[in-house]
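Structure record follows, encoded as structure tokens.
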Amino acid sequence: MSLLNLNAPQGRAPRSKNAAKAWLGVGLLAAVVGIGSTFAANITLNGGNSTESGQGVQSVIYCGGTSQTVTATPFSSYKNTATNAKFSVSGIKITGIPKACDDTQFIVTAYPAGNDGSPTSALTLSNTMASATVLWLDQNSSGLKYPKASSPTSLSSSCDTNPNPTTSSGVVSTGALLSTSRTSYVSGCTFGYISSITADSGSSSSGNGSFTITFNPNNTLADATSLSKITVETQNDVIGTNLKPCTGGPSTYVCSAGTLGLAS
């Protein structure tokens, strides 16, 4: 799929080159889900015009054969130190996710600019994590319930553990799981966390599900001034092997089948 170049006029006076580098640009998510296939789209950032951290760009995605408009919004943060003050990519928010994207993996990867179109290696988003893989579950229509993770935003190594809840307060039908690998589950607990999770309500023709990936601020994050594009891919779930739905309900549950829980 072609690159989106954010070089169109922004309706405001241009800023200096330093100002353009100081703010992370907006991003576009375009993803297509097919059976047994993976599709990718590209986001071009800081294309030379002034764009600001926290702005989002809409695009059409396809999950389960249904097209919807979603918005991808990257964020940056500034860390001032005596030797290495810089803006870093601190998180990415995805909104407008339709229910058709239930049980889908979103894979986010960041790249610097290449030389004369030559390929480049991915930037590390958080320490050694080159890509953030998010398993997205929106099971409100099916009635399935999953255990809530023990401490999903703690950035501790056991943040995604299943605490084996037995009551309705410990289970959830919509949530997400972060992995550093796209082919098998590798805990992303110390690299970042998923928050601001909202189910698609089905109240409109467009989806309104959402989640935010926040990278561990104590880790080495991607340099916002080096960031040229972000690829966002979607694929069918392969990392949720140890995430199992609970049985029972509606007030008492058995959630001991799997070892993982969802951020919710």
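The values are calculated or read from the model by the stated rules, or taken from the named source; none is laboratory data. All values derive from a computational prediction rather than experimental measurement. With ideal geometry, Cβ positions are generated from the backbone for all residues, glycine too; neighbour counts draw on all protein chains shown.
Some points to look at:
- Extreme residue, surrounded by the most Cβ atoms within 10 Å (Cβ to Cβ), among residues of the stretch 236-254 that are out of contact with any Gly (no Cβ under 7 Å at 6 or more places or on another chain) and within 19 Å of Ser187 (Cβ to Cβ): Ile239
- Among the residues of the stretch 74-107, those identified as under 15 Å from the mean Cα position of the chain (by Cα) and among the hydroxyl-bearing types (Ser, Thr, Tyr) are Ser76, Ser90, Thr95, Thr104.
- In the condition set (1) crowded, with 16+ Cβ neighbours inside 10 Å; (2) in contact with a Gly (Cβ under 9 Å, 6 or more places away or on another chain), Ser141 is compliant with all but (1).
- Failed item, numbered, when Ser184 is tested on (1) under 22 Å from Asp102 (Cα atoms); (2) surrounded by 14 or more Cβ atoms within 10 Å (Cβ to Cβ); (3) more than 13 Å from the chain's Cα centre (by Cα); (4) hydroxyl-bearing (Ser, Thr, Tyr): (2)
- Strands (runs of 3 or more DSSP E) completely within the stretch 53-164 that count 3 or more residues being out of contact with any helix residue (DSSP H, G or I) (no Cβ under 9 Å at 6 or more places or on another chain) and at pLDDT 80 or above: 66-79, 86-97, 104-112, 131-138
- Taken as a whole, the structure leaves Ser210 outside the set of residues that are out of contact with any His (no Cβ under 9 Å at 6 or more places or on another chain) and surrounded by fewer than 17 Cβ atoms within 10 Å (Cβ to Cβ).
Here's the yes/no breakdown for (1) over 21 Å from Thr161 (Cβ atoms); (2) among the β-branched types (Val, Ile, Thr); (3) free of Cβ contacts under 8 Å to residues at least 12 places away in the same chain:
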site	(1), (2), (3)
Gly192	no, no, no
Phe211	no, no, no
Leu227	yes, no, no
Ile230	yes, yes, no
Ile239	no, yes, no
Asn242	no, no, no
